[in-house]
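The values are calculated or read from the model by the stated rules, or taken from the named source; none is laboratory data. Given the structure is predicted, the values throughout are model-derived calculations rather than measurements. Heads up, the Cβs are rebuilt from the backbone with ideal geometry, glycines too, and the neighbour counts pull from every protein chain shown. Note: accessible area is taken over every heavy atom of the protein model, side chains too, but ligands, DNA and RNA are not part of it. Shrake-Rupley method; radii C 1.70, N 1.55, O 1.52, S 1.80 Å.
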Amino acid sequence: MRTLLAFSLLLLAWRPTLAAEPVPLIDAHIHYSHDAWDLLPPVDAVAALRAAGLKRAFVSSSSDEGTQKLYALAPDLIVPVLRPYRARGETSSWLRDDTVPTMLEALMQRNRYAGIGEFHVFSANADLPVMRAVVRLAAKHHVFLHLHGDAEAVERVFAQDPDARVLWAHSGFDQPEAIGALLAKYDHLWADLAFRSEHGADGTVPSVWRGLFDRFPDRFMIGTDTYTPERWYYVGPHATWTRAWLADLPPELARRIAYENAETLAAWGLGE
Amino acid sequence: MIRLLILLGLLWPASTSAEVAVLGLDDETVEAILSHGSWPPEPVRDPSNRVSGDPAAIRLGAALFDDTRLSTDQRFACSSCHRPDYGFAEPKARSEGRTLLTRNTPSLWNVGGQRWFGWDGGNDNLWAQSRRPILAPDEMASDAGHVARLIRQDAGLAACYRAAFGRAAAEVPADDVLVDVAKALATWQETLVSPPTPFDRFRDALAAGELDSAAVYPEAARRGAALFVGRARCAFCHVGPRFSSGEFHDVGMPYFLERGVVDPGRHGGLAALKASQLTRLGPWSDDAGGVTGFATRYVRPRHADFGAFRVPSLRGVAETAPYMHAGSLTTLAEVIEHYNDPPLDRLHTDGERVIRPLGLTDREKADLLAFLRSLSPRQPSPPPPVPCGGG
Amino acid sequence: MRRVIRAALLAIVVWPAAAMACPIEQPDARGDRFAARVITQPSTIPLNAPFSLIVEVCPVVGDTAAEAITLDATMPRHRHGMNYRPEVTRLDDGRWRADGFLFHMPGAWRIAVEVESHGTVDRLTLDRTVP
Ligand SMILES: [Zn+2]
């Protein structure tokens, strides 16, 4: 009996160390664009992700060559997502470029992807022919869409294809109520929390966000958004920051947001 | 009564600005231009520094600023990098201490009264910022013991110290002497207020409705001023009489230092602030209740902090090339080109919405340049150093 | 002249309010369930300098009390917020006080008052322009 007691005391004493073991994370919002290759060669990029303790990372790049370089180096780590941009700075012109669908189709024949994105599309532009073609492509190849845009754009995509799977970048920078309303409406909608901090400032999750996470435990994931090469060195600090507010949630919920939801979406997209 | 005063206050600029339309500036532009004055501001003492404004401390600070003995091997004085003949800045992209440093040396004109110090705002007060280079291994590489010995052993400095702090350095622990030295340095730097400029005379003439004197300001600079506060959107960040909000932005400048190493900017500054004992809320501050600790108490960490740098003041900017946190732009013309055609792909779509391509004509670029040049006094005159007794 | 009248009106509206009195007759912000009167200190929001808010919150219908409120501000057109995070405290007279506001840019700002009650949040907003 006494040994048992001693043992459980030991366990108790051990707990802090166990808890300090960093939670694995999947970062759903990473870009590796052409201007990153010189000062951040693929080995450095992969090292930065591993140093941050990431299990996997959704990577999309302008052009896609960047993603392929990383995927070749670390297929266990990189979840390739196909960005419809040839170079950075095409965030609004791509929708008017009718060669985009052909380019995407050719790449999808050649390579493996879990999704198409991250692309920018707002409001009625989601019904432009290029966007419609992208929605069809995603359905054909059984991949998700990583969409940076407003709620209206998301709704228009689902109107085109109710079976589409959409990862809503930055949760649309929308208010929690609006995010909740959209998630309630579409079962195949996920939301990343990249580049926003009100849900976890100071390592505490405010009650509004806690309520939202509780209501939709399977739909949120985290992301850094490396929109410049330098920001790869923010993946680590961002992971630390993320772990702090995740620790404010029940462990099971925290795990889902940390990596399980992203893992599920990646597995679906990759046909794993 | 108060209401009457408010009425009068608003009536006054309203009536002048209506007339000023003659100078080609509409009401809104005039109001915006007026917001960049008046200059110089009322001198304010720093409550976190008990010797702020004290003449004896100013004398000690002036002497120390120029004294290479602060560094262990006598290689650097503050003035080695903050050159009085160069606007207290340096004609180098990145400063050189014992190694190549990571940032450009900022001008020290008007450094008193800022909210944050350093390109990353790693300090919330001038004395902490002044202690930094003394201890930095890449700069003066000194320590409290060395500094205290210097003050105690040099008769002139010892006398100045006693006059400023009312006690003998020999009776004060070395760590305290070091902070006192930093406070004296701060006190002297607070006197570095740049004189009024051609822009200030223009602005004051507008304020007073004296159109003849306002018309002395060259037409190109006048058009440049209108651009600055208007279509070019510069005044969203370069606000007020200092031409700086003192806050942190990412205007699209690269911040790699070398392969594998970046300058984290404000993100690192906040980490340093958090770790520092020398803040306005800390034990070394003389502002007992931390009344002036607003910024440090409420500051909010943001993801955008990574790679963001403090908006520099533009007073005297023509005198302190090269530009930006790492001195990567060599001329003001290059800075204007940068803003005219900013690297949009380096800016997050939900980041700096104020930075957008400007489509300036050559004449407009020249106008903006003429305006920026008019922010320098005709003769920037650093105050002469006053030696401490036998120092 | 119009500006002068507006200034005079402002001066009256901004006059320090007395203690709490529900309902609020002319709220500065109104949501589905709550309305708020918001006073800034100083009364004219300064550019790039700290200021505080005093907020009265009343239910629009019924008598549900506000349990907690959060105050923040953004520049909707620039899509960014403040670099400082205000802290809210409850005053003895039932009003709320927020310190830590600072508008670092001139232009249009939107102040958001989030009122929590019974596990839900009512978002009230009011717009202020800093010249
Ligand atoms: Zn994005």
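Report, in cubic angstrom per residue, the convex hull volume of the C-alpha atoms of the stretch C:22-130. It would help to have the intermediate numbers written out before the result.
Details: hull volume 11.2 nm³, N = 109.
Residue-normalised Cα hull volume stands at 102 Å³.
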statement: If each K or R counts +1 and each D or E counts -1, the residues other than residue A:169 whose Cβ falls under 9 Å of its Cβ total -3
- line: Rounded to a whole %, the carbon-and-sulfur portion of the accessible area of the stretch A:88-170 at a 1.4 Å probe is 50
field: Listed residues A:216, A:173 arranged by accessible area, highest first, probe 1.4 Å
entry: A:173, A:216
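Could you provide, to the nearest whole Å², the per residue accessible area of the protein assembly as shown with probe 1.4 Å?
Values: 34200 Å² over 794 residues.
Counting only protein heavy atoms, the per-residue value for the protein assembly as shown is 43 Å².
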statement: Hits for chain A under the membrane-span-like helix rule (DSSP H, Cα axial span at least 24 Å, Kyte-Doolittle mean at least -1.0) are A:2-20
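Could you work out the relative contact order of the stretch B:55-189, using alpha carbon pairs under 8 angstrom and six or more residues apart, expressed as a whole percent?
Details: 217 pairs, mean separation 42.8, N = 135.
Reported relative contact order: 32 percent.
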message: Using only protein heavy atoms and a 1.4 Å probe, how much accessible area in total is buried between B and C, to the nearest 100 Å²?
response: 2800
- request: Taking the Cα centre of the stretch B:55-189 as origin, sum charge times position over the Cβ atoms of Lys and Arg (+1) and Asp and Glu (-1), and report the length of that vector in debye to the nearest 20.
  value: 140
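Put A:218, B:85 in order of accessible area, largest first, 1.4 Å probe: what do you get? Mind dumping the intermediate values first?
Working: A:218 80, B:85 110 Å².
Largest accessible area first, the list is B:85, A:218.
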Rounded to the nearest 10 Å², the accessible area of residue A:102 at probe 1.4 Å: 90
field: Crossing angle, helix B:144-153 versus chain B [Cα axis fit, 0-90 degrees, rounded to tens]
entry: 70
Spatially proximal lysines relative to residue A:69 (Cα-Cα < 28 Å; intrachain offsets below 8 disregarded): A:55, A:140
- prompt: Tell me which aspartates and glutamates have Cα within less than 14 Å of residue B:365's Cα, excluding those fewer than 8 residues away on the same chain?
  reply: B:219, B:334, B:337, B:341
query: For the protein assembly as shown, which cysteines have no disulfide-compatible partner, meaning no other cysteine Cβ under 4.7 Å?
result: B:78, B:81, B:234, B:237
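Under the definition of Cα pairs under 8 Å and six or more residues apart, what whole-number percent is the relative contact order of chain A? Write down the numbers at each step before the final one.
Numbers: 477 pairs, mean separation 55.0, N = 272.
It rounds to 20 percent for chain A.
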- prompt: Taking θ as phi - 60°, what are the ³J(HN,Hα) couplings along the stretch B:72-81 by the Karplus curve (6.51, -1.76, 1.60), each to the nearest whole Hz, with x for Gly and Pro?
  reply: 4, 9, 6, 7, 10, 9, 4, 6, 5, 9
field: Accessible-area ranking of B:98, B:280, C:77, largest first, probe 1.4 Å
entry: C:77, B:98, B:280
field: Probe 1.4 Å - accessible area at residue A:142, Å² to nearest ten
entry: 80
- request: Could you name the aspartates and glutamates whose alpha carbon sits less than 16 Å from that of residue A:185, not counting residues in the same chain fewer than 8 places away?
  value: A:150, A:152, A:155, A:161, A:163, A:174, A:177, A:218
